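I have placed the structure first, in the form of structure tokens, so that the comments after it can refer back to it.
The values are calculated or read from the model by the stated rules, or taken from the named source; none is laboratory data. This structure is a prediction, so every number in the text was calculated from the model and none was measured. Glycine also receives a Cβ, built like all others from the backbone with ideal geometry; neighbour counts cover every protein chain displayed.
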Amino acid sequence: MKKVAVIGAGIAGTTTAYALLKKGYKVTIIDSRRYPAMATSYANGGQLSASNAETWNTPKNVMNGIKWMFKPDAPLLFNPSPEIQKYKWMMGFLWATLKGEHKKSTLETIDMAKKARETYFKIAEDEGIEFELLKKGILRFYDSEKEFKLDQAKKSWLDQEGMEWNTLTTEEVKELEPAFKNNANYEKIVGGIYTKSDASGDIHKFCTNLERVLVEKYSANLRLNTTVEYISRQKGELVLTMRKENEIMNDSFDNVVICAGVGYTKLRK
Ligand SMILES: Cc1cc2nc3c(=O)[nH]c(=O)nc-3n(C[C@H](O)[C@H](O)[C@H](O)COP(=O)(O)OP(=O)(O)OC[C@H]3O[C@@H](n4cnc5c(N)ncnc54)[C@H](O)[C@@H]3O)c2cc1C
């Protein structure tokens with residue numbers, strides 16, 4: 001049986017380990033944190049959304065990103081600290097924006113997101129994973145006529161990909177989400193977009209519950225509080241050099257899958 005190491009126990013690592021275990025590999029999951037899913041997969045927007053998988057490489061977003069750098073309560077903040085990897089990523093982002101790849105990459109992302117969403121649902125169902133899944137769609141609401149019109153216009157191409165991009169009137173928004181009835185800002189709402197097949201859930205719960213299944217049902221080996229320092233090739237095998245507190249250890253594997261999120265760049269060297 002082939003031995004595979006999965007570095008990282010976030011959503012990418014746990015689901016990758018699951019797929020490998022189902023295919024009969026002997027899997028070891030390694031994470032530097034004391035518990036699974038304590039980095040980006042600890043808390044996020046909770047959206048299981050394929051319809052909202054629009055990529056960000058548009059000139060409008062670049063301009064917003066620059067403006068937000070000077071706004072203390074910006075919804076998204078770019079930290080200009082010098083880091084080669086960050087600036088390389090930025091150049092790639094700007095290049096894709098200049099080439100006008102937004103529509104093409106959005107359609108590709110939607111396709112991938114639809115498959116990912118189905119995989120998520122299937123794992124949860126097959127393994128009885130509870131993660132506060134709510135299959136009630138996702139509603140965007142607008143208080144700017146201009147922004148609403150811009151997003152409405154996307155319907156013509158998003159619908160071709162089988163995305164439901166249903167535009168709602170203010171009244172329909174209120175009907176769909178009764179919480180708006182008592183909201184003082186309700187009068188400002190000019191309309192909404194509802195994507196029915198989307199869902200929401202708690203990613204951290206999903207990861208921790210799936211991790212338990214991986215260990216108890218599929219006999220995965222879970223090494224927490226263990227950081228992979230580097231990967232080398234020795235006699236046809238991949239050797240991971242790991243650190244747990246002050247102890248350094250080596251272990252060899254037939255294959256390694258890196259699902260280390262932002263930690264990936266350190267392991268690429
Ligand atoms: C504010 C915010 C909101 C978001 N909202 C949504 C949303 O609504 N819907 C959605 O689909 N996505 C959302 N995302 C994106 C989503 O959360 C991430 O894409 C996803 O969690 C990334 O998972 P991951 O497994 O790749 O990385 P991570 O969850 O970061 O996991 C990487 C793991 O690798 C470990 N690691 C790193 N280096 C090493 C090493 N050398 N040795 C051992 N272990 C290591 C880390 O400890 C960590 O546990 C959001 C992201 C943010 C920041």
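For region 54-70, how many residues are part of a loop (DSSP other than H, G, I, E, B) and surrounded by 11 or more Cβ atoms within 10 Å (Cβ to Cβ)? Talk me through it step by step, then tell me what you get.
Residues of region 54-70 part of a loop (DSSP other than H, G, I, E, B): 54-58, 69-70.
Then keep just the ones that are surrounded by 11 or more Cβ atoms within 10 Å (Cβ to Cβ); that gives 54-58, 69.
Total satisfying the criteria: 6.
Looking at region 245-261, I want the residues that are of a type in the set (Asp, Glu) and have a partner that is surrounded by fewer than 18 Cβ atoms within 10 Å (Cβ to Cβ) with Cβ atoms under 8 Å, at least 6 apart or on another chain. Which pairs are those?
As it stands, the answer is Glu245/Asn225; Asp251/Val239; Asp254/Lys2; Asp254/Lys3; Asp254/Glu237; Asp254/Leu238, since those pairs meet every condition given.
Are there any pairs with C-beta distances below 9 angstrom linking a residue in region 21-42 that is closer than 17 Å to Met242 by Cα to a residue that is modelled with pLDDT under 95 and near the ligand (Cβ under 6 Å from one of its atoms), with the two at least 6 apart or on different chains, and if so which?
Ser32/Gly263
Regarding Thr28, is this residue among the polar types (S, T, N, Q), part of a helix (DSSP H, G or I) and either within 9 Å of the ligand (Cβ to nearest atom) or modelled with pLDDT of 95 or more (or both)?
No; evaluated as a whole, the condition is false for this residue.
Of Lys115, Lys103, which residue is at negative phi and free of Cβ contacts under 8 Å to residues at least 24 places away in the same chain?
Details: Lys103 fails: free of Cβ contacts under 8 Å to residues at least 24 places away in the same chain.
That would be Lys115, the only listed residue that is at negative phi and free of Cβ contacts under 8 Å to residues at least 24 places away in the same chain.
Looking only at region 37-45, decide whether some residue is more than 16 Å from the ligand (Cβ to nearest atom) and out of contact with any strand residue (DSSP E or B) (no Cβ under 8 Å at 6 or more places or on another chain). Quick ask: steps written out before the conclusion?
In the first step, residues of region 37-45 are kept if they are more than 16 Å from the ligand (Cβ to nearest atom); the result is none.
No; the residues of region 37-45 include none that is more than 16 Å from the ligand (Cβ to nearest atom) and out of contact with any strand residue (DSSP E or B) (no Cβ under 8 Å at 6 or more places or on another chain).
Can you go through Phe148, Phe93 and tell me which one is outside any loop (DSSP other than H, G, I, E, B), in contact (Cβ under 8 Å) with a residue 40 or more places away in the chain and farther than 29 Å from Thr208 by Cβ?
Numbers: Phe93 fails: in contact (Cβ under 8 Å) with a residue 40 or more places away in the chain.
Sole residue among the options that is outside any loop (DSSP other than H, G, I, E, B), in contact (Cβ under 8 Å) with a residue 40 or more places away in the chain and farther than 29 Å from Thr208 by Cβ: Phe148.
Considering only region 29-53, state which residues are surrounded by 20 or more Cβ atoms within 10 Å (Cβ to Cβ) and on the phi < 0 side of the Ramachandran plot.
Pass one, region 29-53, residues surrounded by 20 or more Cβ atoms within 10 Å (Cβ to Cβ): 29-32, 36-37, 41, 48, 50-51, 53.
The answer is Ile29, Ile30, Asp31, Ser32, Pro36, Ser41, Leu48, Ala50, Ser51, Ala53.
Here's the yes/no breakdown for (1) more than 16 Å from the ligand (Cβ to nearest atom); (2) farther than 28 Å from Ser105 by Cα; (3) assigned to a helix (DSSP H, G or I); (4) at pLDDT 95 or above:
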residue	(1), (2), (3), (4)
Val4	no, yes, no, yes
Ala9	no, no, no, yes
Gly13	no, no, yes, yes
Arg33	no, yes, no, yes
Asn52	no, no, no, no
Ala74	no, no, no, no
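Just to check your reading of the model, which residue among Asn209, Asn225 is exposed (fewer than 14 other Cβ atoms within 10 Å of the Cβ), within 29 Å of the chain's Cα centre (by Cα) and within 16 Å of the ligand (Cβ to nearest atom)? Don't jump to the end; show me each part of the working.
Details: Asn209 fails: exposed (fewer than 14 other Cβ atoms within 10 Å of the Cβ).
Just one listed residue meets the conditions, Asn225.
Pairs please, first residue from region 212-227 and part of a loop (DSSP other than H, G, I, E, B), second anywhere and among the polar types (S, T, N, Q) and at pLDDT 95 or above, Cβ atoms under 8 Å, 6+ apart in sequence or on different chains.
Ala220/Thr28; Asn225/Ser32; Thr226/Ser32
Report whether or not Ser197 is in a loop (DSSP other than H, G, I, E, B), surrounded by fewer than 20 Cβ atoms within 10 Å (Cβ to Cβ), of a type in the set (Ser, Thr, Tyr) and under 22 Å from the mean Cα position of the chain (by Cα). Steps first, please.
Values: in a loop (DSSP other than H, G, I, E, B): yes; surrounded by fewer than 20 Cβ atoms within 10 Å (Cβ to Cβ): yes; of a type in the set (Ser, Thr, Tyr): yes; under 22 Å from the mean Cα position of the chain (by Cα): yes.
Judged against the criteria, Ser197 is a match.
How many residues does region 72-86 hold that are surrounded by 11 or more Cβ atoms within 10 Å (Cβ to Cβ), out of contact with any helix residue (DSSP H, G or I) (no Cβ under 7 Å at 6 or more places or on another chain) and not acidic (Asp, Glu)?
Counting residues in region 72-86 that are surrounded by 11 or more Cβ atoms within 10 Å (Cβ to Cβ), out of contact with any helix residue (DSSP H, G or I) (no Cβ under 7 Å at 6 or more places or on another chain) and not acidic (Asp, Glu) gives 1.
Quickly run through region 108-143 and pick out the residues that are among the aliphatic types (A, V, I, L, M), over 17 Å from the mean Cα position of the chain (by Cα) and surrounded by 15 or more Cβ atoms within 10 Å (Cβ to Cβ). Full working, then the answer.
Step one: of region 108-143, the residues among the aliphatic types (A, V, I, L, M) are 110, 112-113, 116, 123-124, 129, 133-134, 138-139.
Add one more test, that the residue is over 17 Å from the mean Cα position of the chain (by Cα), and what stays is 129, 134, 139.
Within region 108-143, Ile129, Leu139 qualify.
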